[in-house]
Structures are given as C-alpha cells and as structure tokens.
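The numbers here are math on the coordinates, done by the rules we state, and not lab data. This is a predicted model, so every value here is computed, not measured. As a convention, Cβ positions derive from the backbone with ideal geometry for all residues, glycine included, and neighbour counts pool all protein chains shown.
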Amino acid sequence: SLSGDVPLRVENLRKTFGGIVAVDDASFAVEAGSLTGLIGPNGAGKSTTFNCITGAHTPDSGTVTFQGEDITGRRPDQIATEGLVRTFQIARELEEMTVLENLMLAPQGQIGEQLWRSVTPGARVEVIEQERELRERVWETVDFFEIDHIAHDEAGTLSGGQRKLLEMARAMMTEPDMLLLDEPLAGVNPTLEEKLLERIHDLREQGYTFLLVEHDMDVIMENCEHVIVMHQGSVLAEGEPSMVKNNDRVIEAYLGE
Ligand code: ADP
Ligand code: MG
C-alpha cells in the first residue's frame, strides 16, 4: 500500500553520544514516491539520522513519523513491518547460503515473519501455498535485479556490486513502501553502479519512495530530485539539486572536509 503525501517526517531530531552531539535539531520530510538524497561531509550525522529513523538508535528527543504514525523509538523489526525498510549487509551466517536462500529467508530475517513455524495438519495446505508464493516472489525479484546467473552462488562469493544488488533484493522481499539506503554505491564498480541506479529509478517509477544516504555528492545530484544537506548534525540546505549545488554554505561545508 503506497499512501500519504509525505511518508516520512523527521522533526527536531537530536542524538548525542556522551558529549558528542551527532544530530542536533534536524528536521526534514521525504515526499511519497520521491527519490530523495541525504548528503553531507564525513561526520555530518547522516548515519546517525538513518539509524534513528530505522530504530537502530533511540533519539534523545524529536520525532520520526512514517505515513502519519509516530514511530519514534520503535524496534527496527516493528518499523520494517510498517513498510519502512533499510538494506542490511549480508550477515556472516548468510554468506554460506546461496542468493536464492538469502532471498527466501529475507522476509523472516527482516520483519520476523513466521513462515516456518510448526503447524497443525489443518494449516499445512496454507503453509505450502505461502511457500509457493514466496518462491514465486523470489524468482520475480531475481529476474528484476538480473541476478539469475548467480542465483545458486553463495552470497560470500559475490562481488561488492553483486552484494549490493542482493541487499536491495532482500529488502524488496519484505514488500516495503519506502527504502532507506546508506551508501548503496560504496565499493561498487561503474557497471553495477549503473545497474543499481537503474533499478532504483525503476522502483521509484513503480511508486516506491527512496531515501539515499551518500557521501558522494555527484551521484545524489544526478539521480535525486530533492536533496537534503546535513552538516554538524543539522540540516544546512534543502531543495532541488541545481539549487543546493550552488549554495555557498554547502560548497563551504564540503571544502572544509
Ligand atoms: P556521517 O554518517 O554523516 O559520516 P555519523 O552519523 O556517522 O556521520 O557521525 C556523526 C558524529 O557522531 C561523528 O562525530 C561521529 O564520530 C559521532 N558518532 C557516530 N556514532 C557514534 C557512536 N556510536 N559513538 C560515539 N560517537 C558517534
Ligand atoms: Mg555515515
């Protein structure tokens, strides 16, 4: 279900670590169906903001609202169940599993779906049906991300870019409304970078909302229609790429790195 004009709203977010103020009164919104970029120099507070949104961190103060619901301080799996899903690096124990197995297990791993519980005889038909649907969805996802040729390879053997494709494919298996990607293109070769960006644009055209967190300003400027710039924990500038790119304070913040 894709609904609401502003699926994600962050208001007056603050997060400290001891004496360090990582996020300092940050506020911004992400429009439904948009491809929004969150950029900023190293240490700007991007990842901390990302972690406060996805439930990995509890903010000191401020609120995170998703599709009209206050999700501040909720557990990551609860937030994922609401349809706000982040990508995860492939966990060590999943590296020995194939791409297909990784995708089969993705809904359960990320949102705690109970597909493999012990069942009463009467419920078996239903479980078999669910598994059939899951397999179908896995193959659709494999086709969409063009990873069919590596479907039976162990995740641990994949290249950096192939891993990122698998990470995004795993996130899509949970049937999200909105995807949060932290540095999705780090360590990806140019060919696969192109492929990843194409998939993001395809999904966006289908109605999914994206928040891309990136250090690399160029990628965001070329691909996002709305850009939020963080610096020293706060939102420094926000708007269309062409506006943000020429903002003196943004240029200064990046030069000061
Ligand atoms: P970015 O992702 O923009 O590079 P971060 O959100 O990772 O920035 O970090 C913002 C600030 O918070 C930095 O000064 C960083 O050192 C600090 N920080 C981030 N996480 C922690 C943590 N777990 N403990 C202490 N300081 C942290
Ligand atoms: Mg970061």
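At-a-glance table
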| read-out | value |
| --- | --- |
| Net lengthening on full extension, ALA56/SER159 (0.36 nm per residue, minus Cα-Cα) | 34.4 nm |
| Among GLU154, GLU131, GLU225: highest mean-square fluctuation, GNM of the chain, C-alpha pairs under 10 Å | GLU131 |
| Mean residue ellipticity (222 nm) of the chain, computed from DSSP H runs ≥ 4 via -39,500 (n - 2.57), nearest 500 | -11500 deg cm²/dmol |
| Two-decimal log10 I(q)/I(0) for region 1-96, as the Debye equation yields it once each C-alpha is a single scatterer, q = 0.14, 0.15, 0.16, 0.18 Å⁻¹ | -0.55, -0.62, -0.70, -0.87 |
| Distance cut-off 30 Å, percentage of C-alpha pairs in the chain lying past it | 29 |
| Using alpha carbons only: equivalent-ellipsoid semi-axes of region 1-54, gyration tensor based, whole Å | 24, 12, 9 |
| Positive minus negative residues near HIS215 (Lys, Arg vs Asp, Glu; Cβ under 9 Å) | -2 |
| Local electrostatic count, PRO59, Cβ distance below 13 Å [Lys/Arg +1, Asp/Glu -1] | -2 |
| Residue among VAL125, VAL21, VAL142 with the largest mean-square fluctuation in a Gaussian network model of the chain, springs linking Cα atoms under 10 Å | VAL125 |
| Choice from PRO190, PRO241, PRO76 with maximal GNM fluctuation in the chain (Cα, 10 Å cutoff) | PRO190 |
| Charge tally in the Cβ shell below 9 Å around GLY83, where Lys, Arg are +1 and Asp, Glu are -1, GLY83 excluded | -3 |
